[in-house]
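Just below is one structure, and these are the notes that go with it.
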Amino acid sequence: MKDVDILATHIFEPGTFAGLDSAFTLHRLWEAKDHDAFLAEIGDRIRGMATGFATGAPASLIDKLPRLEIIANFGVGYEKVDVEHARRKGIRVTNTPDVLTEEVADLALALWLSVSRRLPAAERYLRAGKWLLGSFPLATSIERRKVGILGMGRIGQAIARRAQLFEAEIRYFQPRPRAEVTFPHIADPVALAGWADVLFVATPGGEKTRGLVDRTIIDALGAKGTLINIARGSVVDETALVAALVEGRLGAAGLDVFAAEPRVPEALLGLENVVLLPHVGSATVETRRAMGQLVIDNLVAYFSGRPLLTPIV
């Protein structure tokens, strides 16, 4: 398949690049000083694209690749890929679900534990030598809490399985109940937030969920509630979230994603009731390697005439 030209728009880990280079003729978009000139030169040779959650595949890029047949997206979320435009042009699209599910769910629970037990603050306390002056203040247990989950897909279900280990009472919101899920379904996300001690946001990103977690939901969660977001920053009204945390209308938050990454609201940086991470939900060597391999496997399957492993379109 070395006669197949692939455009890479995402900077993958070295093993993924080695696999792509071995199987295809790979072109790295970011290495070109002038992207437009580069695409004008090679665009009509490109038959596949390997992209990622940061860069995606907008219609403007797709239209510069007249022979494009498949877009392999690195990540489970694909809101930056113009899927409908690809569909209209007969272009296949894949993503990398499942291989990152457990890792992201692990991080969601780690955020909850970090927020409730105030682990980052406790470590700072020790490093500053304050333990010599007295004990760190008491924190809050995560045992036997009411856990609400917004979005009961693969990751939401993995979060629920982990929360059960802490004897949590679990309920969830999904536009429609999932037949395979035995936890109680709540049809109103505001009602779910009002019931929960902690609310996990595990929905897809994109326009359908933009601003889903608004001031109404945040206020329902309340001054003793905790919000954990490992989905997309766009799902939460970030302005409303920051105001609620600053004003004490929301108890705490653990955030791995933000609306304008990598920019984080300045007001959050000085708050003691938040734990902030730089979008590392799937960021382990093992998981990123598996995600990259799935990108390769989908491309190889397509150009070998075999069924796609994880098709979106």
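Quick rundown of the values:
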quantity: Size of electric dipole in the chain: Cβ of Lys, Arg +1 and of Asp, Glu -1, about Cα centre, debye, nearest 20; calculated: 480
quantity: Farthest positive-ward along the chain dipole, Cα basis, beta-carbon charges - from 150, 1, 246; calculated: 150
quantity: Computed helical MRE - 222 nm, the chain, DSSP H runs ≥ 4 contributing -39500 (n - 2.57), nearest 500; calculated: -10000 deg cm²/dmol
quantity: Karplus-derived 3J(HN,Hα), 6.51/-1.76/1.60, for each residue of region 198-215, Hz, glycine and proline x; calculated: 9, 10, 8, 9, 9, 7, x, x, x, 5, 5, 10, 4, x, 4, 8, 9, 4
quantity: Per residue solvent-accessible surface (Å²) - region 201-313, probe of 1.4 Å; calculated: 45
quantity: Set of aspartates and glutamates near residue 146 by C-alpha distance (under 19 Å), chain-local residues within fewer than 8 positions excluded; calculated: 106, 167, 169, 188, 197, 219
quantity: Fraction of beta bridges assigned by DSSP in the chain that are antiparallel (%, nearest 5); calculated: 5
quantity: Coil-residue GluC sites (Glu not before Pro) of region 126-174, DSSP, other Cβ within 10 Å capped at 14; calculated: 143, 167
quantity: Percentage relative contact order, the chain, counting C-alpha pairs under 8 Å, at least six apart; calculated: 17
quantity: Span from the region 70-147 Cα centroid across to the region 254-281 one, whole angstrom; calculated: 11
quantity: Charge context of residue 67, other residues only, Cβ under 9 angstrom, K/R +1, D/E -1; calculated: -1
quantity: Accessible area of region 58-151 divided out per residue, in Å², using a probe of 1.4 angstrom; calculated: 52
quantity: Residue 69 long-range amide H proximity, modeled H, under 5 Å; calculated: 48
quantity: Cβ-placed point charges (K, R +1; D, E -1), dipole of region 82-143 about Cα centre in debye, nearest 20; calculated: 320
quantity: Proximal aspartates and glutamates relative to residue 130, as straight alpha-carbon distance under 17 Å, when same-chain residues fewer than 8 apart are discounted; calculated: 272
quantity: Dipole of the chain [Lys/Arg +1, Asp/Glu -1 at C-beta], most positive-end residue of 11, 234, 201; calculated: 201
quantity: In order through region 79-95: 3J(HN,Hα) via Karplus (6.51 cos²θ - 1.76 cosθ + 1.60), integer Hz, x for Gly, Pro; calculated: 5, 8, 9, 7, 5, 5, 5, 4, 4, 4, 8, x, 9, 6, 9, 10, 9
quantity: Label assignment, Cα extents along the principal axes in Å derived from the structure, set (1) 67, 46, 37; (2) 54, 41, 39; (3) 66, 49, 32; calculated: (3)
quantity: Antiparallel bridges, percent of DSSP beta bridges restricted to region 218-313 (to nearest 5); calculated: 10
quantity: Relative contact order (%) - region 209-276, alpha-carbon pairs under 8 angstrom, separation at least six; calculated: 35
quantity: Candidate lysines - alpha carbon under 19 Å from residue 33, same-chain residues fewer than 8 apart omitted; calculated: 64
quantity: Surface share of carbon and sulfur [accessible, 1.4 angstrom probe, percent] for the chain; calculated: 54
quantity: Of 297, 82, 36, the one that fluctuates the most in a GNM where the chain has Cα springs shorter than 10 Å; calculated: 36
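The values are calculated or read from the model by the stated rules, or taken from the named source; none is laboratory data. Keep in mind that this is a model prediction, so the values were computed, not measured. Cβ sites come from the backbone with ideal geometry, for glycine too, and all protein chains shown count toward neighbours. Surface accessibility is based on the protein's heavy atoms, side chains included, excluding ligands, DNA and RNA. Shrake-Rupley method; radii C 1.70, N 1.55, O 1.52, S 1.80 Å.
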